[in-house]
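Heads up: the structure comes next, in structure tokens.
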Amino acid sequence: MKNIIFGALVATTLAFGYEATAQITTPQPSPTSTVQQTVGITNFTLTYSRPGAKGRTVFGGEIVPFDKEWRTGANSATMITFDDKVKMEGNEIPAGKYSLFSIPSKNEWTIIINKDVSGASVRDASKDLVSFKVKPQALPMHVETFTIGFNEFTNTGAFLDLSWEKTLVRIKIETDVEAKVMEQIQKFAKNPMSAVGRNYFAAATYYLENGKDMKQALEWVNKAAEINPQAYWILHTKALIQGKLGDYKAAIETAEASKKIATEQKDDAYITRNDKVIAEWKKMK
């Protein structure tokens, strides 16, 4: 009898213990999303919660009233982190982690970058870093779930897009690529013995794409080609630099060499690229 009672007590204890520790997991109505993106050469991380419209009027309605502070998502405030200084709509912001708040209105939004990173859903205005105005745009389609993402990339920037229902808000982001790239180039130029082919090629390509010293670019791309003579993409870049220098005869010869290797490697894209510039330079000889 004692054993039966003891067994029942143990079973009851285990049952209550299991009930106390077990957790029921259900879908989140506003799931958390983390976006990691490189803009220029600056790394961004964005964490926010994504509510759905679910048949409701979003902006100016029951979810996000006009002229009221919004945490720009659901649950806790949206967080944005970047590892180098950036500009948002022309406002310089140091590298770091920030909360992103907004005040939507019918014809204009106020975007607020705040230094409070506790995740509080209510903004501490004393910690505001910058605020600026942006104009909302009408979307041609319905966006059911609130979405933040990066779009329209250039070498130095992008747009941070907030879209929901039929509203799009775009925040222009600019990064200081020039200073960082030139610092790297200057470091390896001072100690060229430590440089590898990809550094010479990267430096030459940057100079070509940004209209810098083409003679220096040619010197670097020549060194890259010496290290990797079968790299037809390097030869193609060399041809482009020679073309910028007005040496069309040499540019055509280099492009022909690039095309020959690209043909052997069956890279149709580079065959086409070389054919195009060769045709252009033959007209200019």
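Brief remarks follow.
- Candidate set: the range 47-64, residues that are out of contact with any Ser or Thr (no Cβ under 7 Å at 6 or more places or on another chain) and β-branched (Val, Ile, Thr); chosen: the one surrounded by the most Cβ atoms within 10 Å (Cβ to Cβ): Val64
For (1) at pLDDT below 95; (2) out of contact with any Phe, Trp or Tyr (no Cβ under 7 Å at 6 or more places or on another chain), each residue gets a yes or a no:
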{"site": "Leu46", "(1), (2)": "no, yes"}
{"site": "Gly61", "(1), (2)": "yes, yes"}
{"site": "Val86", "(1), (2)": "no, yes"}
{"site": "Asn91", "(1), (2)": "no, no"}
{"site": "Lys97", "(1), (2)": "no, yes"}
{"site": "Thr110", "(1), (2)": "no, yes"}
{"site": "Asn114", "(1), (2)": "no, no"}
{"site": "Ser121", "(1), (2)": "yes, yes"}
{"site": "Asp128", "(1), (2)": "no, yes"}
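- Residue within the range 70-87 that is among the small types (Gly, Ala, Ser) and under 18 Å from the mean Cα position of the chain (by Cα) present: no
- Some residue of the range 250-266 being within 30 Å of the chain's Cα centre (by Cα) and buried (at least 20 other Cβ atoms within 10 Å of the Cβ): no
- The set of residues in the range 28-58 that are over 26 Å from the mean Cα position of the chain (by Cα) and under 22 Å from Met79 (Cβ atoms) comprises Gln28, Pro29, Val58.
- Selection within the range 65-88 - on the phi > 0 side of the Ramachandran plot and polar (S, T, N, Q): Thr72, Asn75
- Selected residue (criterion: nearest to Gly246 (Cα to Cα)) from residues of the range 267-285 that are of a type outside the set (Gly, Ala, Ser), in a helix (DSSP H, G or I) and under 32 Å from the mean Cα position of the chain (by Cα): Val277
- Scan the range 233-272 for residues that are in contact with a His (Cβ under 6 Å, 6 or more places away or on another chain) and not hydroxyl-bearing (Ser, Thr, Tyr) and the total you get is 0.
- Qualifying residue in the range 199-210 (condition: among the charged types (D, E, K, R), part of a helix (DSSP H, G or I), under 27 Å from the mean Cα position of the chain (by Cα) and modelled with pLDDT under 95): yes
- Residues being over 20 Å from Gly149 (Cβ atoms) and outside any loop (DSSP other than H, G, I, E, B) - total across the range 79-104: 4
- Scan of the range 92-112 for residues that are surrounded by 14 or more Cβ atoms within 10 Å (Cβ to Cβ) and within 14 Å of Lys172 (Cβ to Cβ), ordered by number: Ile93, Trp109, Ile111
- From Gln186, Gln230, residue being outside any helix (DSSP H, G or I) and either touching a residue at least 40 places away in the same chain (Cβ under 8 Å) or in the same structural domain as Ile261 (by TED's automatic domain parsing) (or both): Gln230
- Verdict on Thr167 being at pLDDT below 95 and of a type in the set (S, T, N, Q): no
- Taking the criterion of being crowded, with 16+ Cβ neighbours inside 10 Å and without any contact (Cβ under 8 Å) to a residue 60 or more places away in the chain, the residues of the range 65-77 that qualify are Glu69, Trp70, Arg71, Asn75, Ser76, Ala77.
- When the range 15-37 is filtered for residues that are loosely packed, with under 11 Cβ neighbours inside 10 Å and either modelled with pLDDT under 65 or among the aliphatic types (A, V, I, L, M) (or both), the ones remaining, listed by number, are Ala15, Phe16, Gly17, Tyr18, Glu19, Ala20, Thr21, Ala22, Ile24.
- Selected residue (criterion: surrounded by the fewest Cβ atoms within 10 Å (Cβ to Cβ)) from residues of the range 126-139 that are touching a strand residue (DSSP E or B) at 6+ places or on another chain (Cβ under 8 Å) and more than 14 Å from Ile111 (Cβ to Cβ): Ala138
The values are calculated or read from the model by the stated rules, or taken from the named source; none is laboratory data. All values reported here derive from a predicted model rather than from experimental measurement. Reconstructed Cβ throughout: ideal geometry from the backbone, glycine too, with neighbour counts over all protein chains shown.
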